[in-house]
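S.K.: Submitted below is the structure of interest, expressed as structure tokens.
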There are 4 protein chains.
Amino acid sequence: MTDTDPKQDLLVRLHRIEGQVRGIARMVEDDKYCIDILTQVSAASRALQAVALGLLADHMSHCLVDAAQAGGQEKDAKLKEATDAIARLVRS
Amino acid sequence: MTDTDPKQDLLVRLHRIEGQVRGIARMVEDDKYCIDILTQVSAASRALQAVALGLLADHMSHCLVDAAQAGGQEKDAKLKEATDAIARLVRS
Amino acid sequence: MTDTDPKQDLLVRLHRIEGQVRGIARMVEDDKYCIDILTQVSAASRALQAVALGLLADHMSHCLVDAAQAGGQEKDAKLKEATDAIARLVRS
Amino acid sequence: MTDTDPKQDLLVRLHRIEGQVRGIARMVEDDKYCIDILTQVSAASRALQAVALGLLADHMSHCLVDAAQAGGQEKDAKLKEATDAIARLVRS
């Protein structure tokens with residue numbers, strides 16, 4: 001697995017999460033045991049969180065670094081935007 | 001539609017989350033701005049969390065109450081199972 | 001240490017967290033490196049979360065079981081109170 | 001008190017959290033109602049989270065911006081360190 005495309009990797013993970021959520025709906029339809037459904041919901045949440053952390057790392061290493069190098073208002077605006085996104089993530 | 005069916009309500013919410021995740025994949029494909037994608041990921045996470053809390057409340061008011069009324073080992077096993085699920089949820 | 005008193009155990013853990021928070025303040029005063037301070041804040045958060053999960057498990061196995069066995073309005077009120085506390089915990 | 005010193009502000013918040021944790025221990029000693037104790041634990045967790053987000057924003061606007069401007073290995077190392085700290089925070 002050399003040279004995985006980060007965008008392709010992200011899409012694979014998102015399609016897997018979409019499948020997980022569809023599977024959870026099927027478990028609800030089939031009246032599966034609540035605790036088993038909850039286990040799947042926790043797994044999907046963790047997978048979404050991993051996607052978010054990947055997106056954030058990618059954003060910081062590109063947009064944020066560019067803005068830091070540009071300096072000035074651009075830097076301040078991008079920093080505020082990134083820390084706001086991190087706060088939403090931590091609180092979600 | 002007063003007296004909404006909790007199972008139907010859960011399915012509607014899960015199908016909406018599935019659509020949200022599909023929308024996030026589309027944003028990634030279209031190279032949308034990272035921060036806008038992250039906002040949608042946070043929204044989907046919160047929606048999944050709300051589903052989990054709903055499932056848990058439902059589980060507690062049925063299975064857990066039944067087990068508490070039965071008492072004995074059944075009660076202890078169901079309590080342990082529920083607190084483990086809550087711990088996974090809090091940590092996810 | 002067989003038969004640890006749950007209340008005593010909780011107090012020991014809370015005093016340790018109090019010490020962790022005091023240590024974090026000292027690191028801030030001494031201008032320690034942000035990332036090292038953040039690591040300690042994450043550790044204190046996880047310790048507080050463990051205390052919360054312990055308190056909740058204890059509450060469910062006593063008050064909630066009693067209320068489930070009593071039934072009626074008492075049961076419904078205690079269930080609502082517990083699920084609200086779980087929701088606050090999951091969201092904090 | 002215009003122009004508050006960020007370090008001083010952080011110390012004030014940490015001393016307040018230390019007091020909150022001490023208050024929680026006192027509630028446990030006095031056998032206060034679990035749900036009321038849990039409410040205070042959630043409040044202390046949120047306060048710690050706010051401290052973490054403040055520290056992180058401060059770190060990003062100083063160390064991370066400096067490293068981005070320096071470029072090279074320094075930049076890559078600081079980015080990895082920051083994203084690891086964010087991941088610990090999101091998961092705690």
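S.K.: Taking region D:51-61, which residues are open to solvent by 30 Å² or more (accessible area, probe 1.4 Å) and touching a residue at least 24 places away in the same chain (Cβ under 8 Å)?
M.R.: Quick first cut of region D:51-61, residues open to solvent by 30 Å² or more (accessible area, probe 1.4 Å) only: D:54, D:57-58, D:61.
Correct list: D:GLY54, D:ASP58.
S.K.: Another question, if that's okay. Just to be sure I understand, how many residues within region B:27-44 are open to solvent by 10 Å² or more (accessible area, probe 1.4 Å) and polar (S, T, N, Q)?
M.R.: So the answer is 2.
S.K.: Given the structure, is C:HIS15 surrounded by fewer than 18 Cβ atoms within 10 Å (Cβ to Cβ), in a helix (DSSP H, G or I), within 7 Å of another protein chain (Cβ to nearest Cβ) and under 17 Å from the mean Cα position of the chain (by Cα)?
M.R.: yes
S.K.: Can you tell me which of (1) open to solvent by 20 Å² or more (accessible area, probe 1.4 Å); (2) over 23 Å from B:LEU56 (Cβ atoms); (3) of a type in the set (A, V, I, L, M, F, W, C) is the one C:ALA77 doesn't meet?
M.R.: C:ALA77 satisfies every listed condition except (2).
S.K.: Across region C:1-40, what is the number of residues that are among the small types (Gly, Ala, Ser) and either touching a residue at least 12 places away in the same chain (Cβ under 8 Å) or touching a strand residue (DSSP E or B) at 6+ places or on another chain (Cβ under 7 Å) (or both)?
M.R.: Number satisfying all stated conditions: 1.
S.K.: Return only the number of the condition from (1) more than 10 Å from chain D (Cβ to nearest Cβ); (2) touching a residue at least 12 places away in the same chain (Cβ under 8 Å); (3) open to solvent by less than 20 Å² (accessible area, probe 1.4 Å) that A:ALA47 does not satisfy.
M.R.: Only one criterion in (1) more than 10 Å from chain D (Cβ to nearest Cβ); (2) touching a residue at least 12 places away in the same chain (Cβ under 8 Å); (3) open to solvent by less than 20 Å² (accessible area, probe 1.4 Å) is unmet by A:ALA47, namely (3).
S.K.: Just give me the residues in region D:50-75 being more than 9 Å from chain A (Cβ to nearest Cβ) and of a type in the set (S, T, N, Q), in sequence order.
M.R.: D:GLN73
S.K.: Residue by residue through region C:60-73, note down the ones that are part of a helix (DSSP H, G or I) and more than 15 Å from B:ALA87 (Cβ to Cβ).
M.R.: Correct list: C:HIS62, C:CYS63, C:LEU64, C:VAL65, C:ASP66, C:ALA67, C:ALA68, C:GLN69, C:ALA70, C:GLY72, C:GLN73.
S.K.: Considering only residues of region D:27-44 that are more than 7 Å from every other protein chain (Cβ to nearest Cβ) and in contact with a helix residue (DSSP H, G or I) (Cβ under 6 Å, 6 or more places away or on another chain), which is nearest to C:VAL90 (Cα to Cα)?
M.R.: By that ranking, first place goes to D:GLN40.
S.K.: Something else: Considering each of D:ILE86, D:ILE24 in turn, give the residue that is over 16 Å from the mean Cα position of the chain (by Cα), among the aliphatic types (A, V, I, L, M), crowded, with 21+ Cβ neighbours inside 10 Å and within 8 Å of another protein chain (Cβ to nearest Cβ).
M.R.: That would be D:ILE24, the only listed residue that is over 16 Å from the mean Cα position of the chain (by Cα), among the aliphatic types (A, V, I, L, M), crowded, with 21+ Cβ neighbours inside 10 Å and within 8 Å of another protein chain (Cβ to nearest Cβ).
S.K.: Return yes or no: is B:ASP9 open to solvent by 70 Å² or more (accessible area, probe 1.4 Å), more than 9 Å from chain A (Cβ to nearest Cβ) and acidic (Asp, Glu)? Explain how you work it out, then say what you get.
M.R.: Numbers: open to solvent by 70 Å² or more (accessible area, probe 1.4 Å): no; more than 9 Å from chain A (Cβ to nearest Cβ): yes; acidic (Asp, Glu): yes.
No: the conditions fail for B:ASP9.
S.K.: Another question about this same structure. Criterion first (crowded, with 16+ Cβ neighbours inside 10 Å, at pLDDT 95 or above and under 18 Å from D:LEU89 (Cβ atoms)) does A:LEU64 satisfy it?
M.R.: no
S.K.: Determine, yes or no, whether D:ASP76 is over 15 Å from the mean Cα position of the chain (by Cα) and either touching a residue at least 24 places away in the same chain (Cβ under 8 Å) or not in a helix (DSSP H, G or I) (or both).
M.R.: Details: over 15 Å from the mean Cα position of the chain (by Cα): yes; either touching a residue at least 24 places away in the same chain (Cβ under 8 Å) or not in a helix (DSSP H, G or I) (or both): no.
Considered against the rule, which asks whether it is over 15 Å from the mean Cα position of the chain (by Cα) and either touching a residue at least 24 places away in the same chain (Cβ under 8 Å) or not in a helix (DSSP H, G or I) (or both), D:ASP76 comes out as no.
The values are calculated or read from the model by the stated rules, or taken from the named source; none is laboratory data. Only a predicted model underlies this, so the values are computations on that prediction, with no experimental measurement involved. Glycine gets a Cβ as well: all are built from the backbone with ideal geometry, and neighbour counts include every protein chain shown. The protein model used for the area step is the full one, side chains on, heavy atoms only, and it has no ligands, DNA or RNA in it. Shrake-Rupley method; radii C 1.70, N 1.55, O 1.52, S 1.80 Å.
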